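Written below as structure tokens is the structure these notes are about.
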Amino acid sequence: MSNSKSGKSGGFADYDIKAKIWLEKNGEPVFGMGRFMLLQKIETSGSISSAAKELGYSYKKAWSFINLMEKRFGFELVNKKIGGKYGGGSVLTEQAKKLMDLYEELLKKEKTFLDDYHAQTPHLLQPSKH
């Protein structure tokens, strides 16, 4: 471990603690930040296609995420309206919105935990600047 500025050992002060929160069912990932962001984009754009494009996903990948989540959770997350005279669209279900609220609460608790840890151990690890 060398300090990039002085070439001397910087100890643990050179490192940040990172964490990722996701939900699993039977050891299989169901929901995490990427899928959370997909649902957020669907909610704001009203479109799976637009949401996928904004996130750099193919439409097929976005659909596969939605289908997988719905299958593993056992409930619908997105109400889809196919084409028609005024075009299609997608709207999140109330269960999807509750899931997003739960995930946001988990993220807040994660941040609080890390902030508290950093405050109590500044000599070991400094908070991330990212």
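The values are calculated or read from the model by the stated rules, or taken from the named source; none is laboratory data. Owing to the predicted nature of the structure, the values given are computational and were not obtained by experimental measurement. Here Cβ is always computed from backbone atoms with ideal geometry, including for glycine, and neighbour counts include all displayed protein chains.
Residue-level check: of (1) touching a helix residue (DSSP H, G or I) at 6+ places or on another chain (Cβ under 9 Å); (2) surrounded by fewer than 18 Cβ atoms within 10 Å (Cβ to Cβ), PHE65 misses just (2). For SER90, the criteria (1) surrounded by 12 or more Cβ atoms within 10 Å (Cβ to Cβ); (2) in a helix (DSSP H, G or I) hold in every case but one, which is (2).
Residue-by-condition table, conditions (1) under 14 Å from the mean Cα position of the chain (by Cα); (2) under 19 Å from ALA96 (Cβ atoms); (3) at pLDDT 95 or above:
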site	(1), (2), (3)
LYS8	no, no, no
GLY11	no, no, no
ILE17	no, no, no
ILE21	yes, yes, no
GLY27	no, no, no
PHE31	yes, yes, yes
GLY46	no, yes, no
LEU55	yes, yes, yes
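Consider the stretch 71-130 and keep the residues that are touching a Ser or Thr at 6+ places or on another chain (Cβ under 8 Å), at pLDDT below 85 and of a type outside the set (Gly, Ala, Ser). The one that is nearest to MET37 (Cα to Cα) is LYS80.
Looking only at residues of the stretch 33-48 that are hydroxyl-bearing (Ser, Thr, Tyr) and buried (at least 16 other Cβ atoms within 10 Å of the Cβ), we find that the one that is farthest from LEU77 (Cα to Cα) is SER45.
Restricting the stretch 17-26 to residues that are free of Cβ contacts under 8 Å to residues at least 40 places away in the same chain and within 30 Å of ASP115 (Cβ to Cβ) leaves a set whose member that is surrounded by the most Cβ atoms within 10 Å (Cβ to Cβ) is TRP22.
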